[in-house]
Amino acid sequence: MTVGQTVESDVARRGLRRAPAGVAKRIALILAGLTALVPAFPSPAASAESRLVTAQIESTSFANSRIGINPLRKATIYLPPGYADSRRRFPVVYFLSNFFEDQTAPFAGNDAKRVFDAAIAARVIGDVIVVTADFSTPTGTSWFVNSAATGNWEDFMVRELVPYVDQHYRTLPRAASRGIAGDRAGGHGAIRFGMRYPDVFGAVYALHPIGVGQGVQTMFSRPDWALLERAASPDDLRADGYSLVFTSVFQAYLPDPGRPPLFFSPPARRVGDRLEVDAALTQRLQDAFFLDRQVADHASNMKKLRGIKFDWARGDTVADHIVSLQAFTRTLDEYAVPYEAEEYRGGWGERNWGLDGRVYTDMLPFFQTKLLFD
């Protein structure tokens, strides 16, 4: 009710004589002017800003790590503007980063806070909490799995990180309001978690996931096997990116705590000019690592999800990624798993961030439609 309406109502209630029409009109104009001078005070939630909070979790999941993982794990929590309203609870998206990236990478390197702020302001997505955590290892990434070499990263996520966030922040603690996403290696992890934990994560978005299946080049043609044999520590591998990356794969899926300094069972070794492949270890590695090999066992779980989407850049210079992702869609089709997939024009990770990047244009709108908000 406006000031003018209040005066008119009071006149009627008291039975007072109305002023002549001309006078009444002038009074109304004056009152309207006074109303315009009254400042509009927004609600605390409307005027609030988002915040980044750093958390530190003392984990029990790395007690047996052979490569010396610090049990104090850090996380960055994005709290949206609406979090200022203490009456509300919010859905959560867990975001898994790429190789050699810790919990700060999306915010320090890609200005993720600005992207999330802009998306919420434009109503691309409602107020949502976003959580990133440090899943990095000395060789690049943990691949988000339990390993006798690197520690129990899967347990850390499901048994420690998610419960910690639900306990300390006003979340909607249910799978239907909890999404998981990731970038490249993180995209691999996002799909893997969705396969195994539909009761924890209700929707999955993977940005250019890797390791979904066999590509055009065999896995063992990538590392420098002579370098792996003589390395005294992971630092000796830093000059060769493929050797470092595949060491992280072997540590995750072929761990051997009794085999220092790299702590994995080698699935192949160089014998003169010939590469000798261990068939049993290779089978074990491929079944555990390639996501397409795991669809049969987890198809029923994937069908419980509220949504799965993944994408990939046509300009990726590693053709293995493109070929394996295209084949992965056919594997999902074979098992009647609902999903969305898109191949787009671009290069390796170059179109993910920014206000015209796929996080803003595709990932956040996906979670807006797939997650339940309060």
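The values are calculated or read from the model by the stated rules, or taken from the named source; none is laboratory data. Note that the structure is a prediction, hence the values are computed from the model and not measured. Methodologically, a virtual Cβ is constructed for each residue, glycine included, from the backbone with ideal geometry; neighbour enumeration extends over all protein chains shown. Note: areas computed on protein heavy atoms with side chains; ligands, DNA, RNA excluded. Shrake-Rupley method; radii C 1.70, N 1.55, O 1.52, S 1.80 Å.
A few notes on this one:
- Just one of (1) buried (at least 19 other Cβ atoms within 10 Å of the Cβ); (2) more than 27 Å from ARG170 (Cα to Cα) fails for ASN64. It is (1).
- Residue count for the range 220-244, restricted to those that are under 29 Å from the mean Cα position of the chain (by Cα) and buried (at least 21 other Cβ atoms within 10 Å of the Cβ): 4
- Taken over the range 240-260, the criterion of being assigned to a loop (DSSP other than H, G, I, E, B) and touching a helix residue (DSSP H, G or I) at 6+ places or on another chain (Cβ under 8 Å) is satisfied by ASP240, LEU254.
- Single condition MET302 does not satisfy, out of (1) modelled with pLDDT of 95 or more; (2) open to solvent by 60 Å² or more (accessible area, probe 1.4 Å): (2)
- Single residue of THR171, THR132 found to be polar (S, T, N, Q), more than 24 Å from ASP356 (Cβ to Cβ), open to solvent by less than 30 Å² (accessible area, probe 1.4 Å) and in contact (Cβ under 8 Å) with a residue 40 or more places away in the chain: THR171
- ALA288 being touching a helix residue (DSSP H, G or I) at 6+ places or on another chain (Cβ under 8 Å), open to solvent by 30 Å² or more (accessible area, probe 1.4 Å) and within 16 Å of GLY189 (Cα to Cα): yes
- Only one of the numbered conditions (1) surrounded by 17 or more Cβ atoms within 10 Å (Cβ to Cβ); (2) over 19 Å from the mean Cα position of the chain (by Cα); (3) of a type in the set (Val, Ile, Thr) is not met by VAL216, and that is (1).
- Elements of type strands (runs of 3 or more DSSP E) contained in the range 268-346, each with 2 or more residues being aromatic (Phe, Trp, Tyr): 307-313
- Test: residue in the range 178-186 that is in a helix (DSSP H, G or I) and touching a residue at least 12 places away in the same chain (Cβ under 8 Å): yes
- Counting residues in the range 240-247 that are farther than 16 Å from ARG192 by Cβ, of a type outside the set (A, V, I, L, M, F, W, C) and in contact (Cβ under 8 Å) with a residue 24 or more places away in the chain gives one or more.
- Residue check, THR361 open to solvent by less than 30 Å² (accessible area, probe 1.4 Å) and either under 23 Å from GLY215 (Cα atoms) or of a type outside the set (Lys, Arg) (or both): no
- Scanning the range 245-262 for residues that are open to solvent by less than 40 Å² (accessible area, probe 1.4 Å) and farther than 17 Å from PHE289 by Cα yields one hit, LEU262.
- Scanning the range 148-163 for any residue that is in a loop (DSSP other than H, G, I, E, B), touching a Phe, Trp or Tyr at 6+ places or on another chain (Cβ under 7 Å), within 25 Å of ALA108 (Cα to Cα) and not aliphatic (A, V, I, L, M) turns up nothing.
- Checklist (1) out of contact with any His (no Cβ under 7 Å at 6 or more places or on another chain); (2) more than 27 Å from GLY346 (Cβ to Cβ); (3) at pLDDT 95 or above applied to HIS188, failing item: (2)
- Within the range 68-81, restricting attention to residues that are part of a loop (DSSP other than H, G, I, E, B) and out of contact with any helix residue (DSSP H, G or I) (no Cβ under 7 Å at 6 or more places or on another chain), the residue that is least open to solvent (accessible area, probe 1.4 Å) is ILE69.
- Residue, farthest from ALA175 (Cα to Cα), within the range 92-101, restricted to residues that are in contact with a strand residue (DSSP E or B) (Cβ under 7 Å, 6 or more places away or on another chain) and in a loop (DSSP other than H, G, I, E, B): ASN98
- Selection within the range 104-139 - assigned to a helix (DSSP H, G or I) and either basic (Lys, Arg) or in contact with a Cys (Cβ under 9 Å, 6 or more places away or on another chain) (or both): LYS113, ARG114
- Conditions (1) over 17 Å from LEU227 (Cβ atoms); (2) open to solvent by 30 Å² or more (accessible area, probe 1.4 Å); (3) out of contact with any Pro (no Cβ under 6 Å at 6 or more places or on another chain): number failed by ASP316: (2)
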